[in-house]
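J.: Just passing along the structure, written as structure tokens.
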Amino acid sequence: MKTFLLKSFLIISVSISISNLSFSQDSVKKSSDSAKTKDETSNSLKAKEWAIMFAIGADFKLTNFNDATIAVKYQISQKSALRIDFDVNYYNSSKHIYNESGSLSGNFSYLYYLNPNEKFNVYFNLGIKLRINDGYPPNIDSTWNSWLLGPRIGAGAEYFVFRKMSLFAEYNYFFGFGEMKVYQKIRFGSKKYILTSFSKDNVKFGLSVYF
């Protein structure tokens with residue numbers, strides 16, 4: 001009788017252990033599948049993903065981000081990305097007073113995301129900004145050109161409305177150092193000026209489309 005009870009106890013114990021192990025494995029698998037599904041559907045912060053960025057202006061109209069002709073972002077990994085935006089402008093007027101000018105500006109930034117697995121993300125960015133300007137109004141016999149270069153730092157938040165589309169807000173500071181040259185033949189010839197700049201942007205709102 002004792003032997004029978006002992007065997008029964010051992011069989012029941014082994015059965016319970018196997019059942020608990022099976023339940024534990026199922027729980028881990030479900031948790032893993034859930035995390036995988038969440039990772040696949042919540043956002044597009046994954047390596048080798050590209051995004052085109054637009055600014056949201058007055059009346060919710062889409063405009064150029066950072067006043068750039070084009071702005072794109074490339075995800076290096078879930079937590080980091082590279083962003084570049086540049087702008088080229090040319091102006092020529094001869095209706096009353098001839099004036100010709102042009103500018104080239106660009107921003108190159110590194111973005112770091114704090115919580116890349118979520119729909120709502122906070123990120124920091126660090127980059128370099130360059131701006132080059134020149135002008136030539138021959139009616140007053142003068143030319144000028146300038147350049148400004150410096151670090152740009154900021155922070156932002158991005159919310160994924162859909163996996164391939166997000167809304168974001170960003171705030172930045174810029175510290176610049178440069179030079180301006182002015183040449184005026186009649187008055188003083190050539191002069192050089194040192195330029196320094198410290199500026200902050202208003203909070204910018206935008207839309208990113210991933211592909």
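J.: Tally up the residues in segment 175-211 that are under 19 Å from S42 (Cα atoms), part of a strand (DSSP E or B) and in contact with a Lys or Arg (Cβ under 8 Å, 6 or more places away or on another chain), please.
T.: Residues in segment 175-211 being under 19 Å from S42 (Cα atoms), part of a strand (DSSP E or B) and in contact with a Lys or Arg (Cβ under 8 Å, 6 or more places away or on another chain): 3 in total.
J.: I'd like to check something: does segment 155-174 contain any residue that is assigned to a strand (DSSP E or B), at pLDDT below 85 and touching a helix residue (DSSP H, G or I) at 6+ places or on another chain (Cβ under 8 Å)?
T.: no
J.: So how many residues does segment 118-154 have that are part of a strand (DSSP E or B) and within 16 Å of the chain's Cα centre (by Cα)? Let's see the steps before the verdict.
T.: So the first thing to find is which residues in segment 118-154 are part of a strand (DSSP E or B), and the list is 120-135, 142-154.
In the following step, the residues that additionally are within 16 Å of the chain's Cα centre (by Cα) were identified as 120-129, 151-154.
Total satisfying the criteria: 14.
The values are calculated or read from the model by the stated rules, or taken from the named source; none is laboratory data. Note that the coordinates shown come from a computational prediction; the quantities given were computed from them, not determined experimentally. For neighbour counting, all protein chains shown are included, and Cβ atoms are generated from backbone atoms with ideal geometry for every residue, glycine included.
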